[in-house]
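The values are calculated or read from the model by the stated rules, or taken from the named source; none is laboratory data. Just so it is clear, the model here is predicted, and its values are computed rather than measured. Counting neighbours? That spans all protein chains shown, and the Cβs are built from the backbone with ideal geometry, glycine included.
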């Protein structure tokens, strides 16, 4: 009987305990996958940089963690959406800027009638509009910061998670990131082009680039790819 009780106790300790509040807010459950990774890495309340936040909760990769006490920085170039985020997530910092490879400049920001598609890329905005379902409703001038500037200014070291969803400029932003000095444990990056014609394409160039920076592809939800830093995972 003592042996049986001991085996039950061991099994309980090895089995992940149910979380009564494990509702996903992300588009395809990415936040639950991210949570599993951070549990494996023994990171409690991960810090995050959410580039292209859009909404406090809806299709958010980071609200799951905010709800549990974590905090970080969200980047949202749409000033109306940024105000909404600031009201709903008071512990977080929401920057009303765009992320670019060039510091100290401004750029045109294209507002679409579906704001999940807002973008700094004129080419991307016009490509989407040409499909006939969505259209450009406004063009605004927005201040730019580099991703490295944000990390240096708002984090004591690299955030545990960087989430990137910027409609067409994800690859350029990743290319501008200082991987030598900053090693976030996890990246979640949109790696699928948007289309209304069922001819979407997977951005294998983004995946290949992250692999070249000593990250491995932990999971892929088709829309988003989740990368984990190799050394952090091997030393968990």
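Looking at region 192-215, which of its residues are surrounded by fewer than 14 Cβ atoms within 10 Å (Cβ to Cβ) and farther than 17 Å from residue 177 by Cβ? Can you show your working first?
Residues of region 192-215 surrounded by fewer than 14 Cβ atoms within 10 Å (Cβ to Cβ): 195-201, 204-205, 208, 211-212, 214.
195, 196, 197, 198, 199, 200, 201, 204 - these are the residues of region 192-215 that are surrounded by fewer than 14 Cβ atoms within 10 Å (Cβ to Cβ) and farther than 17 Å from residue 177 by Cβ.
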Here, strands (runs of 3 or more DSSP E) confined to region 82-172 with at least 2 residues that are surrounded by fewer than 15 Cβ atoms within 10 Å (Cβ to Cβ) are 106-112, 136-145
Only unsatisfied item for residue 139, checking (1) closer than 22 Å to residue 207 by Cα; (2) over 21 Å from the mean Cα position of the chain (by Cα), is (1)
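So in region 221-232, with the set limited to residues that are touching a strand residue (DSSP E or B) at 6+ places or on another chain (Cβ under 7 Å) and more than 26 Å from residue 114 (Cβ to Cβ), which one is surrounded by the most Cβ atoms within 10 Å (Cβ to Cβ)?
Start the filter on region 221-232 by keeping residues that are touching a strand residue (DSSP E or B) at 6+ places or on another chain (Cβ under 7 Å), which leaves 222-230.
With more than 26 Å from residue 114 (Cβ to Cβ) added as a condition, the list becomes 227-230.
Numbers: 227: 27, 228: 23, 229: 22, 230: 14.
Among those residues, the one meeting the criterion is 227.
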Sole miss for residue 181 among (1) in contact (Cβ under 8 Å) with a residue 60 or more places away in the chain; (2) surrounded by fewer than 18 Cβ atoms within 10 Å (Cβ to Cβ) is condition (1)
Somewhere in region 198-220, is a residue part of a strand (DSSP E or B), in contact with a strand residue (DSSP E or B) (Cβ under 9 Å, 6 or more places away or on another chain), in contact (Cβ under 8 Å) with a residue 60 or more places away in the chain and closer than 14 Å to residue 49 by Cα? no
Check: Does residue 20 meet the test of being modelled with pLDDT of 95 or more, surrounded by fewer than 21 Cβ atoms within 10 Å (Cβ to Cβ) and out of contact with any helix residue (DSSP H, G or I) (no Cβ under 9 Å at 6 or more places or on another chain)?
Finding: no
